[in-house]
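The structure under discussion appears below in the form of structure tokens.
The values are calculated or read from the model by the stated rules, or taken from the named source; none is laboratory data. Note that this is a predicted model, so its numbers are computed, not measured. Cβ sites come from the backbone with ideal geometry, for glycine too, and all protein chains shown count toward neighbours.
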Amino acid sequence: EICKGVNDLDKVVLRGLRGSSAEVYLYGCHVTSWKNNHDEELLFLSSKAIFKPPKAIRGGIPICFPQFGSHGNLEQHGFVRNRFWSIDSSPPPPTVSCNKAFVDLIFKPSEEDLKIWPYSYEFRLRITIGPGGDLMLTSRIKNTDGRPFSFTFAYRTYFSISDISEVRIEGLETLDYLDNLKSRERFTEQCDAITFESEVDRIYLETPTKIAILDHEKKQTFVLRKDGLPDAVVWNPWEKKAKSMMDFGDDEYKHMLCVEAAAIEKAITLKPGEEWKARMYLSVVPSCYRSGQ
Ligand code: TA6
């Protein structure tokens, strides 16, 4: 249902089975909460998050479009995460309706928005809580302009974790990545799993459709599945950068990890009338899950 969230901003609460739920603010179409059926909060949301436009909410799943990062002439991560979306009542009825809770939101650029990025499009996003408490985000971006345009995109997912030094990512071994800490220089991952001892800010390229984030302390593994999103950003700001962000607690870096299903290295180009679809599917399984199995 729609209700008032922080600072009286409208949010939609989706209730799945056995206590699972998700919350999405119309501001930024920003998922800020995802609970599976153990009523455990699975997304990180900073205690200092500012729910006040035009600032993006720190945590949850910000949507980066039409630009990921600060390469390009737009503000960092584009602007749809800093805009108000609306409930979309026009989408096609869901193909499968078995006890899924979902909401469809839509964003179309205003005259103001067209001044900073001069292309028209319709961006529809469906947020779904599955029967098992899984979370799915499906984006559909349709070019309603008379010209082709190109963009980069990310679901910037902040996972809630027990302790960054107890976490490892499987599924990205042997891949190339661009290191944002070294002006996007290209490297190849040498380790057989990614662990964390300092700031990490990398764009892994041509990644598998399934990535596992193992949290030993919590004895659970996040499984991220994606379609249409070849890249994956891995980001933890670590201590120094965390201190420099006023909407981020000093030691919160220990309890969050961003793993972001993205399309960055190769921008997506849409011809007039063409529609692009990107899906991210998040689930949680008991620990010792190995992404290859
Ligand atoms: O996703 C990683 C990143 O691009 C980092 O380089 C860091 O700048 C972060 O995003 C900042 O994002 P923000 O949400 O603070 O604009």
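For every residue, the table says whether it meets (1) of a type in the set (A, V, I, L, M); (2) at pLDDT 95 or above; (3) more than 16 Å from the ligand (Cβ to nearest atom); (4) in contact with a helix residue (DSSP H, G or I) (Cβ under 7 Å, 6 or more places away or on another chain).
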| residue | (1), (2), (3), (4) |
| --- | --- |
| Ser183 | no, no, no, no |
| Gln190 | no, no, yes, no |
| Asp201 | no, yes, no, yes |
| His216 | no, no, yes, yes |
| Thr221 | no, yes, yes, no |
| Ser244 | no, yes, no, no |
| Val259 | yes, yes, no, no |
| Leu270 | yes, yes, yes, no |
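Given the structure, is Lys115 within 16 Å of the ligand (Cβ to nearest atom), of a type in the set (Lys, Arg) and out of contact with any strand residue (DSSP E or B) (no Cβ under 8 Å at 6 or more places or on another chain)?
no
Answer yes or no as to whether Glu206 is part of a loop (DSSP other than H, G, I, E, B), closer than 14 Å to Gly171 by Cβ, at pLDDT 95 or above and among the charged types (D, E, K, R). So that I can check it myself, show each step before the final result.
On the way: part of a loop (DSSP other than H, G, I, E, B): yes; closer than 14 Å to Gly171 by Cβ: yes; at pLDDT 95 or above: yes; among the charged types (D, E, K, R): yes.
So Glu206 passes the test.
Can you pull out the residues in segment 144-172 that are surrounded by 15 or more Cβ atoms within 10 Å (Cβ to Cβ), more than 21 Å from the chain's Cα centre (by Cα) and within 27 Å of Ser283 (Cα to Cα)?
Hit for segment 144-172 is Glu166, nothing else.
Only one residue in Ser47, Ser33 is more than 15 Å from the ligand (Cβ to nearest atom), surrounded by fewer than 24 Cβ atoms within 10 Å (Cβ to Cβ), without any contact (Cβ under 8 Å) to a residue 40 or more places away in the chain and among the small types (Gly, Ala, Ser). Which one?
One residue alone meets the criteria, Ser33.
Determine if segment 133-140 includes at least one residue that is assigned to a loop (DSSP other than H, G, I, E, B), at pLDDT below 95 and at positive phi.
Yes, there is a match, as at least one residue in segment 133-140 is assigned to a loop (DSSP other than H, G, I, E, B), at pLDDT below 95 and at positive phi.
Looking only at segment 190-207, which residues are surrounded by 16 or more Cβ atoms within 10 Å (Cβ to Cβ) and over 22 Å from His255 (Cβ atoms)?
Correct list: Ile203, Tyr204, Leu205, Thr207.
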